[in-house]
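Let me begin by presenting the structure, written as structure tokens, before commenting on it.
The values are calculated or read from the model by the stated rules, or taken from the named source; none is laboratory data. Quick caveat: nothing in here was measured; it's all calculated off a predicted structure. Note that each Cβ is placed from the backbone with ideal geometry, even for glycine, and that neighbours are counted across all protein chains shown. Heavy atoms of the whole protein, side chains included, go into the accessibility calculation; ligands, DNA and RNA do not. Shrake-Rupley method; radii C 1.70, N 1.55, O 1.52, S 1.80 Å.
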Amino acid sequence: MSIPLSIKWDGQQLTILDQQKLPHEIDYLTLETVEDVYNAIFSLKVRGAPAIGITAAYGLAIGAQRHEAVSLEAFQQYVEKDAAYLNSSRPTAVNLGWALSRLKDKVQEAENVQQAKLLLLAEAVKIHKEDEESCRSIGEHALVLLQGKTKVMTICNAGSIATAKYGTALAPFHLGSERGREFEVFACETRPVYQGARLTAWELQQSGVDVTLITDSMAAHTIGAKGIEAIIVGADRIAANGDTANKIGTYNLALLANAFSIPFYVAAPASTFDLSIEDGTVIPIEERNPEEITHTNGQPVAPLGTKVFNPAFDVTPAHLITAIITEKGIITAEYKKNIPDLLGAFTGK
Ligand code: MRU
């Protein structure tokens with residue numbers, strides 16, 4: 001039994017687990033160029049907010065090694081252009097822009113092009129390592145909140161393969177499994193891309209966690225029938241007031257948690273907060289290809305030409321969130337005050 005990893009850096013090469021092929025095939029891809037990285041993020045070969053931030057950081061650093069700029073100013077322009085391109089690969093997760101900004105800031109510190117190249121690589125490695133530590137810490141805090149609770153529901157995949165390791169919402173289950181603490185996890189399949197079925201069910205099985213798959217429409221019935229005691233989800237962007245964007249269907253679960261009077265937890269690192277926006281109304285929501293809904297395995301399941309609305313994320317209003325679990329501690333309402341109090345001067349981009 002082991003916790004799967006999705007991003008590997010050996011000092012020379014970046015490889016990622018191709019999440020589009022899971023659970024049938026375990027295939028690692030080498031990403032060599034900025035374009036490779038953009039395509040891997042755009043096509044969901046690597047996905048999950050922290051994981052796309054880490055991968056984009058490596059992508060920017062790898063791409064920068066090839067730029068033969070004569071001046072630091074010209075090099076900075078290359079880096080700016082590549083960062084803007086990578087940042088356009090997906091709109092909702094703020095971790096992407098956050099990681100790229102950290103790297104761009106490093107270039108500002110450099111005295112020459114050679115030093116800038118080294119600083120970029122070092123910063124990408126740092127972001128990768130920090131995320132693993134953050135996720136471990138989120139797991140520890142979540143275990144405290146979940147004390148005495150066994151049956152927990154989740155959606156999408158906010159797991160090890162969506163981060164550097166451990167995950168956010170799935171971190172307590174991985175840590176629990178290492179310590180002999182048993183959970184029964186109920187994973188919503190997460191239509192239309194099936195991150196719950198293809199990724200969460202697979203990932204939790206890999207680390208020996210008891211996982212039961214349900215369709216998204218079974219959530220209300222399952223909470224009652226199986227005695228679900230809490231719901232825990234990840235996040236792609238959290239506004240200053242606590243409104244949280246996460247995978248489509250998350251908002252439904254928050255409403256259900258409220259109706260059943262069970263806690264609804266969001267687990268996310270500081271890099272997922274965007275304190276530049278006051279509330280969730282301005283979070284950009286990605287809309288994906290209609291064929292994700294009209295087709296299954298390439299076969300149409302709806303009349304040809306059917307109109308489709310396919311938002312990949314929704315925004316859960318802060319008042320439905322019992323607590324936000326971060327690596328720095330647990331945040332509860334009043335979020336507007338308590339988020340900056342805990343995260344300090346941190347601001348997402
Ligand atoms: O479209 P995806 O698969 O990238 O969406 C991922 C999610 O919504 C996750 O819950 C979120 O990014 C948190 S990952 C720790």
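Quick grid of which residues meet (1) farther than 29 Å from Val144 by Cα; (2) in contact with a helix residue (DSSP H, G or I) (Cβ under 9 Å, 6 or more places away or on another chain); (3) away from the ligand (no atom under 16 Å from the Cβ):
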position	(1), (2), (3)
Lys247	no, yes, no
Asn258	no, yes, yes
Tyr265	no, yes, no
Thr281	yes, no, yes
Glu291	yes, no, no
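Name every residue in segment 170-196 that is closer than 17 Å to Ala312 by Cβ and within 9 Å of the ligand (Cβ to nearest atom), in order of residue number. So that I can check it myself, show each step before the final result.
Initially, segment 170-196 is screened for residues closer than 17 Å to Ala312 by Cβ, giving 188-196.
Once the filter is applied, which keeps residues that are closer than 17 Å to Ala312 by Cβ and within 9 Å of the ligand (Cβ to nearest atom), segment 170-196 yields Thr190, Val193, Gln195.
Among the residues of segment 228-255, which ones are out of contact with any strand residue (DSSP E or B) (no Cβ under 8 Å at 6 or more places or on another chain) and either part of a strand (DSSP E or B) or of a type outside the set (S, T, N, Q) (or both)? Hit for segment 228-255 is Leu255, nothing else.
For segment 256-349, the strands (runs of 3 or more DSSP E) that sit wholly inside it and include 1 or more residues that are under 30 Å from Ser43 (Cα atoms) and not small (Gly, Ala, Ser) are 264-267, 313-316, 323-326. Taking Arg181 as the residue in question, decide whether it is surrounded by fewer than 18 Cβ atoms within 10 Å (Cβ to Cβ) and touching a Ser or Thr at 6+ places or on another chain (Cβ under 8 Å). In short, no.
Residue-wise test of (1) surrounded by 16 or more Cβ atoms within 10 Å (Cβ to Cβ); (2) of a type in the set (D, E, K, R); (3) at pLDDT 95 or above; (4) out of contact with any strand residue (DSSP E or B) (no Cβ under 6 Å at 6 or more places or on another chain).
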{"site": "Asp274", "(1), (2), (3), (4)": "yes, yes, yes, no"}
{"site": "Thr281", "(1), (2), (3), (4)": "no, no, yes, yes"}
{"site": "Asn289", "(1), (2), (3), (4)": "no, no, yes, yes"}
{"site": "Lys307", "(1), (2), (3), (4)": "no, yes, yes, yes"}
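Applying the condition of being of a type in the set (Gly, Ala, Ser) and within 16 Å of the ligand (Cβ to nearest atom) to segment 74-117 and asking which residue is surrounded by the fewest Cβ atoms within 10 Å (Cβ to Cβ) yields Ser88. A single member of Ala201, Ala225, Ala220 is at pLDDT 95 or above, surrounded by 16 or more Cβ atoms within 10 Å (Cβ to Cβ) and in a helix (DSSP H, G or I), and it is Ala201. Return yes or no: is Thr294 in contact with a strand residue (DSSP E or B) (Cβ under 8 Å, 6 or more places away or on another chain), free of Cβ contacts under 8 Å to residues at least 60 places away in the same chain and open to solvent by 60 Å² or more (accessible area, probe 1.4 Å)? Taking the combined requirement at face value, the residue does not satisfy it.
A search for C-beta distances below 8 Å between a residue of segment 102-117 that is of a type outside the set (Gly, Ala, Ser) and any residue that is open to solvent by 50 Å² or more (accessible area, probe 1.4 Å) and part of a helix (DSSP H, G or I), counting only pairs 6+ apart in sequence or on different chains, returns Lys104/Glu80; Lys106/Ala122; Lys117/Gln65.
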